[in-house]
1. Is it the case that some residue within the range 165-184 is within 17 Å of Val52 (Cα to Cα) and at pLDDT 95 or above?
2. All but one of (1) over 10 Å from the mean Cα position of the chain (by Cα); (2) surrounded by fewer than 23 Cβ atoms within 10 Å (Cβ to Cβ) hold for Ala93; which doesn't?
3. Are any residues in the range 142-176 among the charged types (D, E, K, R) and crowded, with 16+ Cβ neighbours inside 10 Å, and if so, which ones?
4. Do you know which residues across the range 167-185 are closer than 16 Å to Glu129 by Cα and not charged (D, E, K, R)?
5. Out of all the residues in the range 87-130, which are small (Gly, Ala, Ser), on the phi < 0 side of the Ramachandran plot and touching a helix residue (DSSP H, G or I) at 6+ places or on another chain (Cβ under 7 Å)?
6. Pairs, please: C-beta under 8 Å, at least 6 apart or cross-chain, first residue free of Cβ contacts under 8 Å to residues at least 12 places away in the same chain and in the range 72-86, second assigned to a strand (DSSP E or B) and charged (D, E, K, R)?
7. Only residues in the range 161-175 that are closer than 16 Å to Ile145 by Cβ count as the first member; pair them with residues that are among the hydroxyl-bearing types (Ser, Thr, Tyr) and in a loop (DSSP other than H, G, I, E, B), Cβ under 8 angstrom, at least 6 apart or cross-chain, and list the lot.
8. Residues being over 16 Å from Arg123 (Cα atoms), hydrophobic (A, V, I, L, M, F, W, C) and buried (at least 20 other Cβ atoms within 10 Å of the Cβ): count how many of those fall in the range 74-90.
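The values are calculated or read from the model by the stated rules, or taken from the named source; none is laboratory data. Note that the structure is a prediction, hence the values are computed from the model and not measured. FYI the Cβ positions are ideal-geometry reconstructions off the backbone, even for glycines, and counts take in every protein chain you see.
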Amino acid sequence: MRRTLPVLISGVLLGLFGVLGAALVGLSHEGTAERIARNEREGLLQQLRVLVPAQQVDNDMLNDVIEVAAPAALGAASTRVYRARNQGEPVAAVLSPVVAQGYNGPIQLIVAVRFDGTLGGVRVLTHRETPGLGDKIDVERSDWILQFAGMSLGEPPADRWKVRRDGGTFDQFTGATITPRALVRQIKASLEYFSQHKHELFDNEPPQTEAQHD
């Protein structure tokens, strides 16, 4: 009995430490997950403000968002569209298409299209393209992606929305044609989708703020 008691106490203590450790890990994970989500939200908001400057809009684009189902045009079963407005009037939509056929996997974009059909700009959110080659689509690696701002379906003409190797307007990268070719194709498809659906995208009312409820 004397030998059994210390063993039981040790077992209980180990169990308590295990429960306490699991609880601490759970709390740490929950806190970390919230922080990561908050950072991702802030990062996305900064990207949206680069493409659609804050002084041009008066709504909360992160809350004025809809989901559309257009896999053929936008590359995913469901695509988020962030809407920019000023005094209730449409200013731009920021689509988040996926390039399904990047060289090393899917590429997540945001494509800002002004209501007049011109591009506010394009940014790559996530990719796994080859460092030193395909990763030049990243604005931190190259200014290649900046050339799309101000373009539209008419500028350049529709048949010129290709890389130069295919007879188009846009430069490919030395040693990497697949990645820029795929991006040009997807950006054009996003413009076409917006042109065909822009009124539908802004049909429903923007979400009400507390001030609007008052």
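1. Taking the range 165-184 and keeping what is within 17 Å of Val52 (Cα to Cα), we get none.
For the range 165-184, residues within 17 Å of Val52 (Cα to Cα) and at pLDDT 95 or above: absent.
2. Evaluating Ala93 over (1) over 10 Å from the mean Cα position of the chain (by Cα); (2) surrounded by fewer than 23 Cβ atoms within 10 Å (Cβ to Cβ) leaves (2) as the failure.
3. Filtering the range 142-176 down to residues among the charged types (D, E, K, R) leaves 143, 155, 159-160, 162, 164-166, 171.
Selection gives Lys162 alone.
4. Taking the range 167-185 and keeping what is closer than 16 Å to Glu129 by Cα, we get 172-184.
If the condition is that a residue be closer than 16 Å to Glu129 by Cα and not charged (D, E, K, R), then Gln172, Phe173, Thr174, Gly175, Ala176, Thr177, Ile178, Thr179, Pro180, Ala182, Leu183, Val184 are the ones that fit.
5. Here is the first cut: in the range 87-130, the residues small (Gly, Ala, Ser) are 88, 92-93, 96, 100, 102, 105, 112, 117, 120-121.
Now drop any that are not on the phi < 0 side of the Ramachandran plot, which leaves 92-93, 96, 100, 102, 112, 120.
Within the range 87-130, Ala93, Gly102, Ala112, Gly120 qualify.
6. Ser78/Glu67
7. If the second residue must be among the hydroxyl-bearing types (Ser, Thr, Tyr) and in a loop (DSSP other than H, G, I, E, B), the pairs left are Trp161/Thr169; Val163/Thr177.
8. Counting residues in the range 74-90 that are over 16 Å from Arg123 (Cα atoms), hydrophobic (A, V, I, L, M, F, W, C) and buried (at least 20 other Cβ atoms within 10 Å of the Cβ) gives 1.
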